[in-house]
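Contents: one structure, followed by commentary.
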Amino acid sequence: MKKKTINELKTWINEQERLSKEEIAMLQTDNRSGVQKLLLLYQRRIEKEVQEQKRLAKMYTYEREKLNMGYRLIAGIDEAGRGPLAGPVVAAAVILHPDQSIIGLNDSKKLSPEQREKLRKEIEQSAIAIGVGMVDASEIDRINILQATYQAMRLAIQACSPQPECLLVDAVHIPALEIEQTSLVKGDQLSQSIAAASIIAKTTRDQWMCEQAAEAYPKYCFDQHMGYGTPLHLELLKKYGPSPIHRYSFAPVRQYAQKGTPS
């Protein structure tokens with residue numbers, strides 16, 4: 001039998017999820033340096049996958065506790081957009097399958113936009129339920145950002161079908177809810193469900209700012225800063241004054257409100 005070339009072996013190894021003990025032994029007996037490099041890369045890949053599975057298993061600790069208590073529909077809750085000077089605050093509720101882990105799932109702030117979008121699609125394909133709630137800038141001004149965040153979270157929970165039996169919430173306790181809830185500080189780093197919710201909330205809000213907001217008010221370049229108080233945004237706010245989707249209850253917006261509200 002003709003011995004495979006290095007490139008042929010590389011293609012073959014990359015196509016395998018796992019090599020058998022016999023296949024690994026066969027590669028180990030091949031004294032070509034290129035083959036040994038391929039074997040080393042394969043072993044590093046497997047070790048990386050093992051570490052990722054361990055990380056994800058640790059991130060399912062709180063969900064597992066709830067499952068052991070008899071709960072089956074466990075939703076992670078998180079928000080995006082509490083800090084920006086413009087646009088809505090968005091919350092998401094996500095119920096994940098207990099027997100499915102999504103590789104790479106993490107706090108949305110630790111991911112690139114491309115990684116978030118990829119994971120969003122995987123979450124949408126595999127989750128039992130996803131709910132999204134959004135509260136606009138005028139309501140934020142009326143009731144304050146904390147109460148608006150709670151309201152967005154309640155709306156996200158209401159949008160879930162089926163409804164969750166208990167909640168894992170990032171950092172806060174949501175008032176006016178009868179569902180069992182557990183608040184976790186830095187929950188988007190501790191819970192797969194909360195991490196998934198953080199990704200859905202962040203990508204939903206970013207999409208809204210890049211499409212609806214940027215199209216309605218192009219001179220504010222909302223697709224570049226998502227409403228956060230960047231130097232560019234502050235410069236444009238100073239130049240044009242606040243738009244109808246700015247948060248007038250936030251100090252930097254109030255500072256320039258005397259310029260009037262653009263139509």
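Residue pairs whose Cβ atoms lie under 7 Å apart, separated by 6 or more positions or on different chains, with the first residue in the stretch 96-117 and closer than 22 Å to Arg205 by Cα and in the same structural domain as Ile157 (by TED's automatic domain parsing) and the second surrounded by 14 or more Cβ atoms within 10 Å (Cβ to Cβ) and of a type in the set (Ser, Thr, Tyr), are Leu96/Ser193; Asp107/Ser198; Ser108/Ser198; Arg116/Ser108; Arg116/Thr203; Glu117/Thr203. State the number of residues belonging to the stretch 119-137 that are free of Cβ contacts under 8 Å to residues at least 60 places away in the same chain, surrounded by 15 or more Cβ atoms within 10 Å (Cβ to Cβ) and assigned to a helix (DSSP H, G or I). Of the residues in the stretch 119-137, 1 are free of Cβ contacts under 8 Å to residues at least 60 places away in the same chain, surrounded by 15 or more Cβ atoms within 10 Å (Cβ to Cβ) and assigned to a helix (DSSP H, G or I). Can you confirm whether Asp30 is exposed (fewer than 12 other Cβ atoms within 10 Å of the Cβ), in a loop (DSSP other than H, G, I, E, B) and not polar (S, T, N, Q)? For Asp30, the condition - exposed (fewer than 12 other Cβ atoms within 10 Å of the Cβ), in a loop (DSSP other than H, G, I, E, B) and not polar (S, T, N, Q) - is not met.
Looking only at the stretch 51-97, residues that are closer than 28 Å to Gln151 by Cβ, of a type in the set (Phe, Trp, Tyr) and not in a helix (DSSP H, G or I) come to 1 in all. Looking only at the stretch 210-232, count every residue that is touching a strand residue (DSSP E or B) at 6+ places or on another chain (Cβ under 8 Å) and part of a helix (DSSP H, G or I) and tell me the total. Of the residues in the stretch 210-232, 3 are touching a strand residue (DSSP E or B) at 6+ places or on another chain (Cβ under 8 Å) and part of a helix (DSSP H, G or I). Being part of a helix (DSSP H, G or I) and either surrounded by fewer than 10 Cβ atoms within 10 Å (Cβ to Cβ) or of a type in the set (S, T, N, Q) (or both) is a property that holds for Asn7. Filtering the stretch 34-49 for residues that are among the β-branched types (Val, Ile, Thr), without any contact (Cβ under 8 Å) to a residue 12 or more places away in the chain and within 25 Å of Thr11 (Cα to Cα) leaves an empty set.
The values are calculated or read from the model by the stated rules, or taken from the named source; none is laboratory data. Note that this is a predicted model, so its numbers are computed, not measured. Backbone-built Cβ (ideal geometry, glycine too); neighbour counts: all protein chains shown.
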